[in-house]
1. Considering only residues of segment 92-102 that are in a helix (DSSP H, G or I) and out of contact with any helix residue (DSSP H, G or I) (no Cβ under 9 Å at 6 or more places or on another chain), which is surrounded by the most Cβ atoms within 10 Å (Cβ to Cβ)?
2. Applying the selection to segment 111-133, what residues are touching a residue at least 40 places away in the same chain (Cβ under 8 Å) and out of contact with any helix residue (DSSP H, G or I) (no Cβ under 6 Å at 6 or more places or on another chain)?
3. Looking at segment 61-82, is at least one residue touching a residue at least 60 places away in the same chain (Cβ under 8 Å), assigned to a helix (DSSP H, G or I), under 30 Å from residue 192 (Cα atoms) and in contact with a helix residue (DSSP H, G or I) (Cβ under 9 Å, 6 or more places away or on another chain)?
4. Which one of these is touching a helix residue (DSSP H, G or I) at 6+ places or on another chain (Cβ under 7 Å), surrounded by 13 or more Cβ atoms within 10 Å (Cβ to Cβ) and either touching a residue at least 24 places away in the same chain (Cβ under 8 Å) or closer than 13 Å to residue 36 by Cα (or both): 48, 89, 105?
5. Which residue, of 129, 172, is out of contact with any strand residue (DSSP E or B) (no Cβ under 9 Å at 6 or more places or on another chain), closer than 24 Å to residue 85 by Cα and part of a helix (DSSP H, G or I)?
6. Answer with yes or no whether residue 46 is part of a helix (DSSP H, G or I), under 22 Å from the mean Cα position of the chain (by Cα) and modelled with pLDDT of 90 or more.
7. Based on this model, can you work out whether residue 246 counts as closer than 23 Å to residue 300 by Cα and not assigned by TED's automatic domain parsing to the domain that holds residue 294?
């Protein structure tokens, strides 16, 4: 494994979490959680295979100090719970010698940070997982970490390093004969090509993945490829070709959130084709089933477009009010969460 793939910025390890200090007062929950994350990950670093193991007394002292700080964060929400789990898992891993015990806690924390759009912090948590688990992680866990690292880097537009992470996941999967994981890594690399704007090459890769999935049971891989190809064809002004791919993605996805993303994209394509009623039905299904979030807001906005297309002023105002309520509800929820922490 190339050390360049896992390279971190020079300086203090995990300092990215201390950057929150610049965004708020020292006593704010966000800043305190950032300091807690820094301490928790520095504690995890004691388990690194390339450093001299600490004496039992030193380890117990740092464990107690880190656990005490995390306990003071109790009640600060989901992130505080993740930090406490990481500290407990690290302590148990040191006690038993089973260092892979800390991997699930770090991976879950990285996913939480990604969902909160803290992509640089999520990358740091994943790199910590890979550093601690070098030569210790189960191959499936290492592949998952590299895949997620590729995604996080892509969302930061760090395309070269994202592609390298996906490639590393594919290499590891090929070494153990995991064909589905190899195809998943190719999906990730194709997304990198797509977001770089090379649509012709991305289309060629999507079709290649679909061809290689024929005769397999890899529903998730096929669904992602169909979804990617459908959106790409729409972007290339071929919505009539993209729509069937998006419908197949909707049928193949097993997770509801993924189904509703595909259905939302299908509604956009149907509207572009002039099938206003069909588009509205698809988008209304998203509104009926989806949870508050970006996909729901996008569906409400597209329903406003449907009403505008039909010159339905009453319908437009109805969807506009619904959209504003959703936006206000999202802001109110964040404000309530902040108030609860203070």
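1. Taking segment 92-102 as the starting set, the residues that turn out to be in a helix (DSSP H, G or I) are 92-96, 99-102.
Next, from what is left, pick out any that are out of contact with any helix residue (DSSP H, G or I) (no Cβ under 9 Å at 6 or more places or on another chain): 95-96.
Numbers: 95: 11, 96: 9.
It comes out as 95.
2. 127, 131
3. No, segment 61-82 contains no residue that is touching a residue at least 60 places away in the same chain (Cβ under 8 Å), assigned to a helix (DSSP H, G or I), under 30 Å from residue 192 (Cα atoms) and in contact with a helix residue (DSSP H, G or I) (Cβ under 9 Å, 6 or more places away or on another chain).
4. Details: 89 fails: either touching a residue at least 24 places away in the same chain (Cβ under 8 Å) or closer than 13 Å to residue 36 by Cα (or both); 105 fails: either touching a residue at least 24 places away in the same chain (Cβ under 8 Å) or closer than 13 Å to residue 36 by Cα (or both).
Unique residue meeting the criteria: 48.
5. Values: 172 fails: closer than 24 Å to residue 85 by Cα.
So the residue among 129, 172 that is out of contact with any strand residue (DSSP E or B) (no Cβ under 9 Å at 6 or more places or on another chain), closer than 24 Å to residue 85 by Cα and part of a helix (DSSP H, G or I) is 129.
6. Details: part of a helix (DSSP H, G or I): yes; under 22 Å from the mean Cα position of the chain (by Cα): no; modelled with pLDDT of 90 or more: yes.
When the stated conditions are applied, residue 46 does not pass them.
7. Details: closer than 23 Å to residue 300 by Cα: yes; not assigned by TED's automatic domain parsing to the domain that holds residue 294: yes.
Yes: the conditions hold for residue 246.
Each row is one residue, and each column tells you yes or no for (1) under 20 Å from residue 237 (Cβ atoms); (2) without any contact (Cβ under 8 Å) to a residue 40 or more places away in the chain; (3) exposed (fewer than 14 other Cβ atoms within 10 Å of the Cβ).
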residue	(1), (2), (3)
270	yes, yes, no
274	yes, yes, yes
287	no, yes, no
294	no, yes, yes
300	no, yes, no
304	no, yes, no
307	no, yes, no
323	no, yes, no
329	no, yes, yes
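The values are calculated or read from the model by the stated rules, or taken from the named source; none is laboratory data. Predicted model, so just to flag it, every value in this text is computed and none were measured. Positions of Cβ are generated from backbone atoms using ideal geometry, with glycine treated the same way; all protein chains shown enter the neighbour counts.
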